[in-house]
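The structure under discussion appears below in the form of structure tokens.
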Amino acid sequence: MNLLRRIAGIAVAAALTLGVGALSNTSVPVGTSDSAMVRLAWRATPARIRHCRTLTPEELARIPAHMRRTEECQETTLPYRLTIRYDSAVPLELTIHAAGAREDRPMYVFHESRLAPGPRALSIRFQRDPAPEGVAPPVSQTPALLTLDTVVVLRERQIALITYYADRQRLVLEASPSP
């Protein structure tokens with residue numbers, strides 16, 4: 001019985017090895033699409049707002065002495081609205097939240113649109129949602145509004161990249177050379 005299991009194990013291992021070898025030699029077809037692409041890709045620091053309230057004497061009495069503090073604060077980030085418009089088409093709107101379970105990480109924007117080659121009027125708007133009433137204005141390294149209005153001439157299989165430069169605090173179009 002033990003010898004039979006070893007032989008079966010060797011056979012299975014050999015079959016798997018041959019299968020992996022055969023699959024590693026196969027080619028994956030690459031799209032031969034003649035379309036062009038506009039890619040939006042950037043990272044930005046979200047606006048943080050902090051809302052604090054003073055604890056009542058009753059609340060303080062329920063907290064152990066070594067953990068008492070006079071204020072309880074909650075920190076959140078504000079989302080941004082990304083609006084993309086190509087020519088006179090209906091705009092695409094996305095809400096971009098900060099990454100992380102508590103939204104305490106940077107925001108990441110990544111969106112690709114395939115378009116027919118030719119000149120395209122392109123309008124990008126990246127705008128922060130307003131802070132709730134009664135909350136101090138948020139502190140952020142990313143401006144409350146970023147816009148880009150331009151005309152890009154796309155050639156077949158070309159990728160135009162829209163990215164954000166934090167040091168210049170603006171969106172920039174970088175078109176790749178056509179293949």
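The values are calculated or read from the model by the stated rules, or taken from the named source; none is laboratory data. If you're wondering where the values come from, they're calculated on a predicted model, not measured in any experiment. For neighbour counting, all protein chains shown are included, and Cβ atoms are generated from backbone atoms with ideal geometry for every residue, glycine included. Side chains included, ligands, DNA and RNA excluded: accessible areas come from the protein's heavy atoms. Shrake-Rupley method; radii C 1.70, N 1.55, O 1.52, S 1.80 Å.
For the reader, a short list of remarks on this structure follows.
- Whole-percent carbon and sulfur share, accessible surface of the chain, 1.4 Å: 57 percent
- Longest exposed-site-free window of the chain, the sites being trypsin sites (Lys or Arg not before Pro) in a DSSP loop that have at most 12 other C-beta atoms within 10 Å: 1-67
- Electrostatic bookkeeping for residue 107 treats Lys and Arg as +1 and Asp and Glu as -1; over the other residues with beta carbon under 14 Å from its beta carbon, the sum is +3.
- Taking all protein chains into account, the per residue accessible area for the range 13-92 stands at 70 Å² (1.4 Å probe).
- Within-9-Å neighbourhood charge of residue 72 [Cβ basis; K, R +1; D, E -1]: 0
- Entry note, the chain: the mean residue ellipticity at 222 nm calculated from DSSP H runs of n ≥ 4, each adding -39500 (n - 2.57), is -5500 deg cm²/dmol after division by the residues and rounding to the nearest 500.
- Charge sum, other residues only, whose C-beta stays under 15 Å from residue 61's C-beta, Lys/Arg counted +1 and Asp/Glu -1: 0
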